[in-house]
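Accompanying notes for the structure given below.
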Amino acid sequence: MSTETDLFGNPLDAPQGTRPQRPPVNDLPLVERVLQIAELTGYVLVGPSERVFTLGGRHEIEAAPSHEGDAVHQLIDAGWLTKGGSHTYHCYGHTGTGNAVLVPRATKHKARHWRSLAPISCTRTRKDPR
């Protein structure tokens, strides 16, 4: 068994993964908006890099903003969204295939529950005891 070495003869570590790490999305309003768009409009993953597009009209797609794309990938990795079947889409005069992004029933239920909750107030109710 041979191990790879660098220029100085030190052994190289095995690559950890094939996909570059994305920064985590901690913006709950963004996640709620992405879930709502996924449920009402739809997202599509295109190409080997699985670039995120928003579904417009019938099989018409347009590029989603990168922050939305990061949130979609994070939700797919967490199991809140799933990758669906392959379909043909049209984008800016080009035709190609992409995978639909599906919203599982449990995710729809949880997102509707979040939307029905009252927002948390950030104001103080107690007076400062000085």
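Computed from the coordinates by the stated procedures, all read-outs in this text should not be read as laboratory data. Note that this is a predicted model, so its numbers are computed, not measured. Quick reminder, even Gly has a Cβ in these numbers, built from the backbone with ideal geometry, and neighbours come from all protein chains shown.
At 37 °C and a viscosity of 0.692 mPa s, what translational diffusion coefficient does Stokes-Einstein give for region 33-73, taking Rh as the Kirkwood radius over Cα pairs? Give it in µm²/s as a whole number. Working shown, then result.
Working: Rh = 10.1 Å.
The calculation lands on 324 µm²/s.
Can you compute the modelled spin-label distance between Lys110 and Thr95, with each label point 7 Å from Cα toward Cβ, in nm?
The answer from the label model is 3.9 nm.
Grab the other residues whose beta carbon is less than 15 angstrom from that of Thr54, score K and R as +1, D and E as -1, and report the net. If you can, show how the numbers build up before the last one.
Values: positive: Arg33, Arg51, Arg58; negative: Glu39, Glu50, Glu60, Glu62, Glu68, Asp70.
My count for the surroundings of Thr54 gives -3.
Treat each spin label as a single point 7 Å out from the Cα along the C-beta direction, and report the Asn10 to His59 distance in nm.
The modelled label-to-label distance comes out at 5.4 nm.
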